[in-house]
Amino acid sequence: MPEGMEVLLIEDNPADAELTMHALRKESVANRIVHLADGEQALDFLFCRGAYAYRSFADPPRVVLLDIKMPRVDGLDVLRAIKADARTRSIPVVVMTASREEQDLVQSYQLGVNSYIQKPVDFDRFRDVVRQLGLYWLIVNEPAPPAAFG
């Protein structure tokens with residue numbers, strides 16, 4: 001994995017993942033993006049275990065873009081794990097989901113999500129939302145200093 005990773009995209013839908021990565025790169029918002037297709041891989045990556053045991057907690061993503069409805073481990077369980085651990089709690093997490101269920105919104109905020117966005121169905125609107133997300137979280141927002149990561 002590249003040093004100084006900016007975005008960890010956790011998305012099981014290949015079309016949404018490709019569109020998200022394209023939108024971030026097209027606007028030169030993010031060049032270093034890691035895409036994982038399920039929550040189990042994401043937890044291994046974030047907690048530097050399994051296939052990602054070589055990683056270090058010293059190089060966290062600047063932001064995690066997280067889908068909720070995923071195979072193996074769902075996004076809310078990933079969010080719960082991120083926010084429960086002092087080593088990852090300061091990583092901003094943005095839920096990007098097609099879910100229109102109010103319970104998903106409520107539970108996400110109860111678990112500590114930094115932002116919750118329903119994916120627009122319209123292609124151009126989706127691309128614009130991703131661009132704005134990237135601009136805010138990678139350009140405008142001041143990232144947490146290393147001391148914030150346990």
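The values are calculated or read from the model by the stated rules, or taken from the named source; none is laboratory data. Being a predicted model, the structure only gives us computed values, none of them experimental. Glycine gets a Cβ as well: all are built from the backbone with ideal geometry, and neighbour counts include every protein chain shown.
Restricting to region 100-110, what's the tally of residues that are within 17 Å of Val64 (Cβ to Cβ) and at pLDDT below 95?
1
Checking the conditions here, which among Asp77, Asp67 is buried (at least 20 other Cβ atoms within 10 Å of the Cβ) and either modelled with pLDDT under 95 or not aliphatic (A, V, I, L, M) (or both)?
Of the residues listed, the single one that is buried (at least 20 other Cβ atoms within 10 Å of the Cβ) and either modelled with pLDDT under 95 or not aliphatic (A, V, I, L, M) (or both) is Asp67.
Taking region 98-150, which residues are over 22 Å from Ala84 (Cα atoms), surrounded by fewer than 13 Cβ atoms within 10 Å (Cβ to Cβ) and either in contact (Cβ under 8 Å) with a residue 60 or more places away in the chain or aromatic (Phe, Trp, Tyr) (or both)?
Listed by number, the residues that qualify are Phe123, Ile139.
Of the conditions (1) surrounded by 17 or more Cβ atoms within 10 Å (Cβ to Cβ); (2) within 16 Å of Asp67 (Cα to Cα), Ala15 clears all except one; give me its number.
Condition not satisfied by Ala15: (1).
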